């Protein structure tokens, strides 16, 4: 049999997810420490990533590797417990395959969360940051190669990558719930090494407020397919050189767990207003 095309892989994965879990209108990617939020879904069904054809498997601690779909505040919502990263060795087509599957399943609003390092000197570990824009410092783009005309144009506009109405809604929800919320620009670097102090000074000079190793490929593909995108980072640590101490993933996980209840409360409030 001839090798499957990428479009066929998207179709096969989407059919498996739809059979197991059904369709959805809102999707949430749960970053480090947020995995338990899937418990909030009512009448939920799930499928493990390894049971979805052509899906990669998440190898990062804190990423369970499950797709859940259920009802939340009267809306059909799917949630991904764990994402994929280019640094795990995956091609960006694989990293963003779930976003294409979401588009096939009727998702119109894409909510992406992550753990990030704080670059802005006014930030503190434990802050939540609304992503207002991004800088792609990876040298890679998930739309490289033949354009998927069925999903979107060859040259998609990124001048409003983050949906302005969703940003307003989230700020209003945070104010109503009394949750402090920073705003800023997220810079994507390849990883898996944490950035050097010199790289962090560079990103600050370029206008970044936080850095991380994910999220941007998913945003690009979501926008290519016409989704509205909302992004929120948990500043789990201050980036290299801001504080004079080594960085490690355990501390990232620990801080993610410490603020997860506030993070969940914010997301819950935002989804309720959608």
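Brief remarks on what is shown
- The listed residues are 211, 232, and the only one of them that is in contact with a helix residue (DSSP H, G or I) (Cβ under 6 Å, 6 or more places away or on another chain), modelled with pLDDT of 90 or more and either exposed (fewer than 15 other Cβ atoms within 10 Å of the Cβ) or not in a helix (DSSP H, G or I) (or both) turns out to be 211.
- Selection status of residue 271, surrounded by fewer than 24 Cβ atoms within 10 Å (Cβ to Cβ), assigned to a loop (DSSP other than H, G, I, E, B), in contact with a strand residue (DSSP E or B) (Cβ under 8 Å, 6 or more places away or on another chain) and in contact (Cβ under 8 Å) with a residue 12 or more places away in the chain: no
- Across segment 235-258, the qualifying residues are those that are part of a strand (DSSP E or B) and buried (at least 17 other Cβ atoms within 10 Å of the Cβ), and the one among them that is modelled with the lowest pLDDT is 240.
- All positions within segment 186-197 that are in contact (Cβ under 8 Å) with a residue 12 or more places away in the chain and surrounded by fewer than 16 Cβ atoms within 10 Å (Cβ to Cβ): 190, 192, 196, 197
- Exclusive hit being under 19 Å from the mean Cα position of the chain (by Cα), part of a loop (DSSP other than H, G, I, E, B) and in contact (Cβ under 8 Å) with a residue 24 or more places away in the chain, set 180, 142, 153: 142
Here is a yes/no grid of residues against (1) assigned to a helix (DSSP H, G or I); (2) surrounded by fewer than 22 Cβ atoms within 10 Å (Cβ to Cβ); (3) in contact with a helix residue (DSSP H, G or I) (Cβ under 9 Å, 6 or more places away or on another chain); (4) in contact (Cβ under 8 Å) with a residue 60 or more places away in the chain:
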site	(1), (2), (3), (4)
9	yes, yes, yes, yes
39	yes, yes, no, no
55	no, no, yes, no
59	no, yes, yes, no
69	no, no, yes, no
83	no, no, yes, yes
93	yes, yes, yes, yes
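- Residue among 125, 115 that is at pLDDT below 95, touching a helix residue (DSSP H, G or I) at 6+ places or on another chain (Cβ under 8 Å), buried (at least 17 other Cβ atoms within 10 Å of the Cβ) and not in a loop (DSSP other than H, G, I, E, B): 115
- Residue 231 within 17 Å of the chain's Cα centre (by Cα) and closer than 20 Å to residue 34 by Cα: yes
- Any hit, segment 158-165, residues being in contact with a helix residue (DSSP H, G or I) (Cβ under 7 Å, 6 or more places away or on another chain) and either farther than 17 Å from residue 135 by Cβ or not in a loop (DSSP other than H, G, I, E, B) (or both): no
- Residue count for segment 71-81, restricted to those that are surrounded by fewer than 17 Cβ atoms within 10 Å (Cβ to Cβ) and assigned to a strand (DSSP E or B): 2
The values are calculated or read from the model by the stated rules, or taken from the named source; none is laboratory data. Being a predicted model, the structure only gives us computed values, none of them experimental. Glycine also receives a Cβ, built like all others from the backbone with ideal geometry; neighbour counts cover every protein chain displayed.
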